[in-house]
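Worksheet: the structure to be examined is printed underneath.
The values are calculated or read from the model by the stated rules, or taken from the named source; none is laboratory data. None of these values were measured; they are calculated from a predicted model. Note that we place each Cβ from the backbone using ideal geometry, even for glycine, and neighbour counts take in every protein chain shown. Heads up: the accessible areas ignore ligands, DNA and RNA and are worked out on the full protein's heavy atoms, side chains in. Shrake-Rupley method; radii C 1.70, N 1.55, O 1.52, S 1.80 Å.
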Amino acid sequence: DKDLEYILSVTELPKVDTKSISDIKFDQYIVKIDSSEADKRIKEIAKNQPNFKETSADTKAKEGDLVVLDYNATVDDKAFKGSDGKNTQLTLGKDLFLKGFDKQLIGVKKGDVKIVEAILPENFPDKDLVNKKAKFECKITSVKKPEEVEINDEFAKNLGAKDLQDLKKLISNQINDEYKNSLDRLTKNQILKELEKFKVAEIPE
């Protein structure tokens, strides 16, 4: 039953008078993609997705071929965890398995048994075996040669498109977006530079 006294503090946004932005001039870019650009990009994709074909039993593997193998590995003649592998596929020359492993498989053919030696890397799970030499007994089950991927509707479907025509449209849009994003940044920079020229006569309290 007593009066309440209180102080109310209000924050008020000041009005800042600035020049109209309607007179700002800037360049806006339109991208025109030639159909040959999409074809070129599709060919690059196909080149990076080689198709491998089975070879005859006496064909020797060379760099770029796909070698399929089963292996058993030992360190100091003892097996270790993860020392065996089945149906391991290696594209010779990429050196993605263990450093120097691929080179030792050049010249093998289907049915060969090849002993390959390689150093286990720093990130090997068993720290006691890091930097130790492992001996791999490799049984070659297949040697496959790369062949050029045929660019057709089937190829397009494997990439998630309806058909080749649809893939070309999707790739054209992708290229367009890449250019457009870069060109839009140029336009934005022009606008920001124009805004920097604006002067505020007085800064309100």
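Within segment 98-167, list the trypsin sites (Lys or Arg not before Pro) lying in a DSSP loop whose Cβ has at most 13 other Cβ atoms in a 10 Å radius.
Hits after loop and neighbour filter: Lys99, Lys132, Lys162.
Placing pseudo-labels 7 Å out from each Cα toward the beta carbon at Asp128 and Ala79 gives an inter-label distance of 1.7 nm.
Provide, for q = 0.21, 0.27 Å⁻¹, the log10 of I(q)/I(0) from a solvent-free Debye sum over equal Cα point scatterers in segment 23-69. So the normalised log intensities work out to -0.86, -1.05.
Kindly provide the GluC sites (Glu not before Pro) of segment 1-74 that DSSP labels as loop, not H, G, I, E or B, and whose Cβ sees at most 15 other Cβ atoms within 10 Å.
On the way: sites: Glu5, Glu12, Glu37, Glu44, Glu54, Glu63; in loops: Glu5, Glu12, Glu63.
Counting only loop positions with at most 15 other Cβ atoms within 10 Å, the GluC sites (Glu not before Pro) in segment 1-74 are Glu5, Glu12, Glu63.
Diagonalising the gyration tensor over the Cα atoms of segment 74-119 and scaling each eigenvalue by 5 before taking the square root yields semi-axes of 19, 13, 11 Å, largest first. A simple count of charges around Thr55, restricted to other residues whose Cβ falls under 12 Å of its Cβ and scoring Lys, Arg +1 and Asp, Glu -1, yields +3.
Once the convex hull of the C-alpha atoms of segment 7-108 is built, how many Å³ does it hold per residue, rounded to a whole number? Working shown, then result.
Numbers: hull volume 38.4 nm³, N = 102.
Roughly 377 Å³ of hull volume per residue.
Measuring between their Cα centroids, segment 106-120 and segment 127-205 lie 36 Å from each other.
Summing charges over all other residues whose Cβ lies under 14 Å from the Cβ of Ile151, with Lys and Arg as +1 and Asp and Glu as -1, gives -3. Counting only protein heavy atoms and using a 1.4 Å probe, the accessible area of Ile45 comes to about 50 Å². Using the Cβ-Cβ distance between Asp39 and Thr59 with R0 = 30 Å, the FRET efficiency computed as 1/(1 + (r/R0)^6) comes to roughly 0.35.
In debye, nearest 20, what is the charge dipole magnitude of the chain about its Cα centre with +1 on Lys and Arg Cβ and -1 on Asp and Glu Cβ, if you could check?
Working: 38 positive and 41 negative charges, 234 e Å.
It comes to approximately 1120 debye.
A straight Cα-to-Cα reach below 16 Å connects Lys99 with the lysines Lys132, Lys133, Lys135, residues fewer than 8 places away in its own chain not being considered. Any idea what log10 I(q)/I(0) is at q = 0.09, 0.16, 0.20, 0.22 Å⁻¹ for segment 24-165, Debye with uniform C-alpha scatterers and no solvent? The Debye formula, applied to the Cα set alone, gives -0.44, -0.90, -1.13, -1.25.
Once a ≥ b ≥ c are taken as the square roots of the eigenvalues of the Cα gyration tensor of segment 95-205, is the result rounded (a/c under 1.5), prolate (a/b larger than b/c) or oblate (a/b not larger than b/c)? Intermediate results must be reported in sequence, preceding the final value.
Working: a/c = 5.18, a/b = 1.84, b/c = 2.81.
Oblate shape, in that a/c is at least 1.5 and b/c is the bigger or equal ratio.
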